[in-house]
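Asker: Got a structure here, written out as structure tokens. Questions coming.
The values are calculated or read from the model by the stated rules, or taken from the named source; none is laboratory data. What you are looking at is a predicted structure, and each value in this text was computed from that prediction instead of being measured. When we count neighbours, we look across all protein chains shown, and the Cβ atoms used for this are built from the backbone with ideal geometry, even at glycine.
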């Protein structure tokens with residue numbers, strides 16, 4: 001489960017790692033799964049008010065903006081390994097490449113740096 005907000009997705013504001021993403025396994029009885037899901041929703045929404053995110057918004061001149069956030073629930077595809085589950089592929093896609101490192105790279109083509117099994121590391125806010 002992850003956030004998607006107007007400020008986070010706006011051009012020129014890299015909010016990577018500022019808001020929380022929560023891995024919410026679909027395990028247990030229905031009441032346990034619902035409780036875990038509701039906890040994850042609350043944690044992701046609350047991360048819009050964490051000190052790091054608030055400080056970042058103030059430094060970027062966005063402190064007074066209304067941060068409207070949605071929650072994305074994404075299914076993780078992968079495979080179990082012993083008592084763990086690992087996503088097969090993870091990464092972040094950008095519609096523009098703001099840091100082309102040579103002349104052959106067209107910034108308008110975007111970039112997708114993939115991370116292959118066993119999953120990938122998150123930004124400072126991290127996974128739970």
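Asker: Would you check if residue 35 is closer than 16 Å to residue 4 by Cβ and exposed (fewer than 15 other Cβ atoms within 10 Å of the Cβ)?
Answerer: no
Listed here are the residues, each with its yes/no results for (1) closer than 30 Å to residue 85 by Cβ; (2) in a loop (DSSP other than H, G, I, E, B); (3) at pLDDT below 95.
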residue: 17; (1), (2), (3): yes, yes, yes
residue: 26; (1), (2), (3): yes, yes, yes
residue: 33; (1), (2), (3): yes, no, yes
residue: 44; (1), (2), (3): yes, no, yes
residue: 48; (1), (2), (3): yes, no, yes
residue: 54; (1), (2), (3): no, no, yes
residue: 58; (1), (2), (3): no, no, yes
residue: 62; (1), (2), (3): no, yes, yes
residue: 65; (1), (2), (3): no, yes, yes
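Asker: Go through segment 67-87 and give me each residue that's part of a loop (DSSP other than H, G, I, E, B) and under 21 Å from residue 20 (Cβ atoms).
Answerer: 67, 68, 73, 74, 75, 76
Asker: Next question. Pick from segment 43-72 the residues that are more than 14 Å from residue 7 (Cα to Cα) and loosely packed, with under 11 Cβ neighbours inside 10 Å: which of them is nearest to the chain's Cα centre (by Cα)?
Answerer: Across segment 43-72, the extreme among qualifying residues is 72.
Asker: Which one of these does residue 97 not meet: (1) assigned to a loop (DSSP other than H, G, I, E, B); (2) within 22 Å of residue 1 (Cβ to Cβ); (3) modelled with pLDDT under 75; (4) in contact with a strand residue (DSSP E or B) (Cβ under 6 Å, 6 or more places away or on another chain)?
Answerer: (2)
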